[in-house]
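All remarks here apply to the structure that follows.
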Amino acid sequence: MAYNVGRRTREIGIRMALGAPRPSVVWLVMKEVLEMLAVGVVAALPAAWALSRFVTSQLYNITPNDPLSLTAATLAIVLVAGLSGYVPALRATRIDPLRALRYE
């Protein structure tokens, strides 16, 4: 996400120069993060459920489809994904619009 935000520095600068409030710019970036996160979770949970039988021998004191483990892993991924989008989004809103327009 930091790379995507870096590529869009000029666009974000234009939005800020035209008067876009900081929360709307942060939401612009976070919306993309949430879309990618939703696709990843929707693809990963059924795959984890199906592949859990293959890794049963590697699990220690955990059933193959333990709901607590799947929930904890999903929440960890959501937290990391949220931070990976929120930090670059905040950094992008702190850029001076004139500097962003001169970027590259």
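Looking at the structure I just gave you, is residue 62 over 30 Å from residue 88 (Cα atoms) and surrounded by 12 or more Cβ atoms within 10 Å (Cβ to Cβ)? If you could, list the steps in order and put the result at the bottom.
Numbers: over 30 Å from residue 88 (Cα atoms): yes; surrounded by 12 or more Cβ atoms within 10 Å (Cβ to Cβ): yes.
So residue 62 passes the test.
Has region 83-96 got at least one residue that is part of a helix (DSSP H, G or I), among the aromatic types (Phe, Trp, Tyr) and surrounded by 15 or more Cβ atoms within 10 Å (Cβ to Cβ)?
Yes; the residues of region 83-96 include at least one that is part of a helix (DSSP H, G or I), among the aromatic types (Phe, Trp, Tyr) and surrounded by 15 or more Cβ atoms within 10 Å (Cβ to Cβ).
Which residue out of 73, 43 is within 17 Å of the chain's Cα centre (by Cα), modelled with pLDDT of 85 or more, surrounded by 11 or more Cβ atoms within 10 Å (Cβ to Cβ) and over 17 Å from residue 95 (Cα atoms)?
Details: 43 fails: surrounded by 11 or more Cβ atoms within 10 Å (Cβ to Cβ).
The match here is 73.
Against the definition (out of contact with any strand residue (DSSP E or B) (no Cβ under 6 Å at 6 or more places or on another chain) and either outside any helix (DSSP H, G or I) or in contact (Cβ under 8 Å) with a residue 40 or more places away in the chain (or both)), how does residue 3 come out, yes or no? Give the derivation first.
Numbers: out of contact with any strand residue (DSSP E or B) (no Cβ under 6 Å at 6 or more places or on another chain): yes; either outside any helix (DSSP H, G or I) or in contact (Cβ under 8 Å) with a residue 40 or more places away in the chain (or both): no.
No; evaluated as a whole, the condition is false for this residue.
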Quick test of your reading of the structure: residue 31 fulfils all but one of (1) part of a helix (DSSP H, G or I); (2) at pLDDT below 90; (3) under 30 Å from residue 100 (Cα atoms). Name the failing condition by number. (2)
Filter result for residue 61 (in contact with a helix residue (DSSP H, G or I) (Cβ under 8 Å, 6 or more places away or on another chain), modelled with pLDDT under 90 and not acidic (Asp, Glu)): no
Pairs needed: first member in region 7-24, closer than 14 Å to residue 88 by Cβ; second member anywhere, outside any helix (DSSP H, G or I); C-beta distance under 9 Å; at least 6 residues apart or different chains. 9/95; 9/103; 9/104; 12/20; 12/95; 22/94
In this structure, does residue 52 turn out to be surrounded by 13 or more Cβ atoms within 10 Å (Cβ to Cβ), of a type in the set (S, T, N, Q) and free of Cβ contacts under 8 Å to residues at least 40 places away in the same chain? yes
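The values are calculated or read from the model by the stated rules, or taken from the named source; none is laboratory data. Bear in mind that the values here come from a model prediction, so they are computed numbers and not experimental data. Virtual Cβ from ideal backbone geometry, glycine too; neighbours counted across all protein chains shown.
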